[in-house]
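Written below as structure tokens is the structure these notes are about.
Just so it is clear, none of the values below were taken in a lab; they were calculated from the coordinates. Keep in mind the model is a prediction, meaning the values are calculated, not measured. Virtual Cβ from ideal backbone geometry, glycine too; neighbours counted across all protein chains shown.
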Amino acid sequence: MDRYSRVLGGLLGVACGDALGGTLEFLSEAEGRIRYGYLKDIIGGGCWDLEPGEVTDDTMMTICVAEGILDDPKNPIDRIGERFIEWYHSKPKDIGNIINLALSAYIESGSWKIASLSAHGFNEGISAGNGSLMRCIPVALYYRDHQIMEMVTEQQSKLTHYDSKATRACLLYNKLVSGYLEGESKISFIKEMLEYYPEYKKVLSMGKCNLKSSGYVVDSLISALWCFINTDSFEEAVCEAVNLCGDADTVGAITGGLAGAYYGAEAIPSRWSDKILVKDKLIELAERMAGRELGDG
């Protein structure tokens, strides 16, 4: 499998998980089953009244990160921040609480450090949401140098999320994605990485009934990892993730990005990918990210 397939798989995977999960957002599992059964098709609707194939903040902020990197790959953080603010001013349907607080604080202060700390304080010292995790995959898809990848991963998280738990989740996730782009094996590589992130090791032994599809970043990543580990295809992993309900679009997006990078774009069902309204943008970004590496040009 070539690198482009995995890069496109990562980006499209985020969007498909997001669009599928948006229908189930904020429902309990019981409510989701009553209304939709076990959801396998992108149908829109839900609390955001989405069009079929319309994406939410998960995908749109992922696009912001990708575009910021491509704008200035050697110093991408300011450009990523500018893209966030442009998106914020577009008045999106869906924006997470911590990100909303941070972006509004940046507009007032002009400082990202003040913005993230302000959001952290205003939210009573709790900023370990999944909003920086849901958007971080372009960093791993673009940078082959692991040291640079880890630095940019951390920096993009801290633009809005002051809490170190959010940073650690992004680092674990992007290290996994980077490994899969390089052909690492699925389960053994996860086990290897979890030695450095012991707070996630329980995912290897826990049951599905213990998963929490919440906005807390540790819950979100554990749910995504569990769905990826305990399935054998992109479609199965994402369906398991979104049908947990709760924060379904974000857990679906996180799972979709990881599974897409591992299985490749060809593994994503065409009945999903063909519906994604921003598909052409994601293809354009994947082509540029796979073909232009830091230091190549």
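Tabulated data
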| item | result |
| --- | --- |
| Most positive-pole-ward Cα, 8, 253, 196, against dipole of the chain from beta carbon charges | 196 |
| Listed values (1) 126; (2) 166; (3) 115, entry calculated as volume of the Cα convex hull per residue in Å³ | (3) |
| Footprinting exposure proxy for 114, 63, 80, 283 (fewest neighbouring C-beta atoms within 10 Å first) | 114, 283, 63, 80 |
| Sites residue 287 and residue 124 - FRET efficiency at Förster radius 51 Å, r taken between beta-carbons, to 0.05 | 0.70 |
| Along the chain, longest interval not containing exposed GluC sites (Glu not before Pro), exposed being DSSP loop plus at most 13 other Cβ atoms within 10 Å | 1-123 |
| Filtered trypsin sites (Lys or Arg not before Pro), segment 36-93: DSSP coil and at most 15 other beta carbons within 10 Å | 74, 93 |
| Rounded if a/c under 1.5, otherwise prolate or oblate - segment 38-78, Cα gyration tensor axes | prolate |
| Other-chain or far-sequence residues with amide H under 5 Å of residue 94's (modelled H) | 57 |
| Residues 139, 152, 238, sorted so that the one with the fewest Cβ neighbours within 10 Å comes first | 152, 139, 238 |
| FRET efficiency, 1/(1 + (r/R0)^6) with R0 25 Å, evaluated for residue 210 and residue 26 via beta carbons | 0.75 |
| Exposure proxy ranking, count of Cβ atoms within 10 Å, fewest first, for 134, 289 | 289, 134 |
| Residue among 289, 21, 224 farthest towards the positive dipole end of segment 3-291, charges placed on Cβ | 224 |
| Coil-residue chymotrypsin sites (Phe, Trp or Tyr not before Pro) of segment 180-220, DSSP, other Cβ within 10 Å capped at 12 | 196 |
